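Visitor: Let me begin by handing over the structure; questions about it come next.
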Amino acid sequence: MLRFLLIFGVLMGVFYAVVLLPPDEHPTLGSFFTGYLNFYSQISGAVLDVLGHDITVYGQSISSPEFQVRVVRGCDAMDATALFVAAVIASPVALRSKISGVLGGILLLGLINLIRIVSLFYAGIHFSSKTFHTLHVEVWQPLFILLAVCFWLLWATWAKRRTASDVPT
């Protein structure tokens, strides 16, 4: 348990040390985050377009005649994904289970974040700004962290069983 906590803590510390660096002092990092956020905006805009909305995406902004939203740091699933990835890497299981966990978790959390962005856009169109804010800050943010922890627990259960079944008897 101590080994897990140490590795997890170091990985989360490294993650926050990197993401909290000022982007203007680290242009490569700033470019990465801008591209990452633009990617989420483009994909979310494409989904909303397919769902029948007149969507324009410019950089990190997604707009329609009814509503506009900007995908910024904190709306990118990076914190929850880092939490999940650090927990998977710190877990005492086989490397191949860790690799499948990291890849699967990144994809799953990315897909859920896409759903989150699209649902918040719909909330912005159909409900008050207070409801949008409540969904954005008080519902989706803690729910996303909870989902990351639950996915890790599910993965850890699966990985332990897989590791146990790999041990010759």
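Visitor: Just the residues that are in contact with a Leu (Cβ under 8 Å, 6 or more places away or on another chain) and either of a type in the set (A, V, I, L, M) or under 20 Å from Ala123 (Cα atoms) (or both), please, taken from the range 20-62.
Guide: If the condition is that a residue be in contact with a Leu (Cβ under 8 Å, 6 or more places away or on another chain) and either of a type in the set (A, V, I, L, M) or under 20 Å from Ala123 (Cα atoms) (or both), then Leu21, Leu29, Tyr40, Ile43, Ser44, Val47, Ile55, Gln60, Ile62 are the ones that fit.
Visitor: Say we look at the range 115-169 and pick out the residues that are more than 16 Å from the chain's Cα centre (by Cα) and among the charged types (D, E, K, R); which of these is modelled with the lowest pLDDT?
Guide: It comes out as Asp166.
Visitor: Let me ask something additional. Hey, any hits in the range 13-34 for a residue that's at pLDDT 90 or above and more than 27 Å from Thr157 (Cα to Cα)?
Guide: No, there is no match, as no residue in the range 13-34 is at pLDDT 90 or above and more than 27 Å from Thr157 (Cα to Cα).
Visitor: May I pose another question? Go through the residues of the range 124-141 one by one and say whether even a single one is surrounded by 13 or more Cβ atoms within 10 Å (Cβ to Cβ), of a type outside the set (Asp, Glu) and closer than 24 Å to Ala17 by Cα.
Guide: Yes, the conditions are met somewhere in the range 124-141.
The values are calculated or read from the model by the stated rules, or taken from the named source; none is laboratory data. Please read these numbers as outputs of a predicted model, since none were measured by experiment. Note that we place each Cβ from the backbone using ideal geometry, even for glycine, and neighbour counts take in every protein chain shown.
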